[in-house]
Amino acid sequence: MSDKHMTAQQVEQAHPVEQAVPVIWGAPAVDIFETDNELLLLANMPGVSEQGLQLEVSRGVLTLEAERQGTENGNKHGYYRQFKLSERIDADAGQAQLKDGVLTLRLPKTETAKPRKIAVNTLH
């Protein structure tokens, strides 16, 4: 039999196809704090490794996406959440840390967004 006349079973054996495992997405619990200098996000993402975590800012929208390790009932589980950021946030200078299932994301404010004191002069 030539290669052109392979049966469907032979094709399946020669090139096995992996079945996609569905991902069930959930929204992580997130606390957001604002200080004079930064925006601080704390996201609970248990079971997530640094390799499975993706953070992206595009067109002023912050996207958190992560798959948890392992499967449950044949399904993968993950987290997905988006936030609209103010133009006063400098996302390029952001810093993220993942420790014990908690993502800590620090997003500094732009210099123009930080509060400034105005000196008051008295006239005599």
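Filtered by the rule that a residue be loosely packed, with under 12 Cβ neighbours inside 10 Å and in contact with a strand residue (DSSP E or B) (Cβ under 9 Å, 6 or more places away or on another chain), region 97-124 gives a lone residue, GLN97.
Of the strands (runs of 3 or more DSSP E) lying entirely inside region 25-83, those carrying at least 1 residues that are within 18 Å of THR110 (Cα to Cα) and touching a residue at least 60 places away in the same chain (Cβ under 8 Å) are 38-44.
Would you call PRO16 at pLDDT 90 or above and in a loop (DSSP other than H, G, I, E, B)? The answer is no for PRO16.
Do we find a residue being at pLDDT 90 or above, exposed (fewer than 12 other Cβ atoms within 10 Å of the Cβ), part of a loop (DSSP other than H, G, I, E, B) and of a type outside the set (Gly, Ala, Ser) anywhere in region 4-12? Looking for residues that are at pLDDT 90 or above, exposed (fewer than 12 other Cβ atoms within 10 Å of the Cβ), part of a loop (DSSP other than H, G, I, E, B) and of a type outside the set (Gly, Ala, Ser), one finds none in region 4-12, hence no.
Only residues that are touching a Lys or Arg at 6+ places or on another chain (Cβ under 7 Å) and either among the polar types (S, T, N, Q) or in a loop (DSSP other than H, G, I, E, B) (or both): list them for region 91-124, please.
Hits for region 91-124 are GLY94, GLN95, THR110.
Criterion applied to GLY60, GLY94 was being of a type outside the set (A, V, I, L, M) and surrounded by 14 or more Cβ atoms within 10 Å (Cβ to Cβ), and the one residue passing it is GLY94. Considering region 87-109 alone, what residues qualify as being out of contact with any Gly (no Cβ under 9 Å at 6 or more places or on another chain), touching a residue at least 60 places away in the same chain (Cβ under 8 Å) and under 15 Å from THR63 (Cα atoms)? If the condition is that a residue be out of contact with any Gly (no Cβ under 9 Å at 6 or more places or on another chain), touching a residue at least 60 places away in the same chain (Cβ under 8 Å) and under 15 Å from THR63 (Cα atoms), then LEU103, THR104 are the ones that fit.
Scanning region 41-55 for any residue that is under 29 Å from ARG116 (Cα atoms) and either touching a helix residue (DSSP H, G or I) at 6+ places or on another chain (Cβ under 7 Å) or at pLDDT 90 or above (or both) turns up at least one such residue.
For region 72-86, how many residues are closer than 19 Å to VAL61 by Cα and surrounded by 10 or more Cβ atoms within 10 Å (Cβ to Cβ)? Qualifying residue count, region 72-86: 7.
The values are calculated or read from the model by the stated rules, or taken from the named source; none is laboratory data. Source: prediction; values computed, not measured. Heads up, the Cβs are rebuilt from the backbone with ideal geometry, glycines too, and the neighbour counts pull from every protein chain shown.
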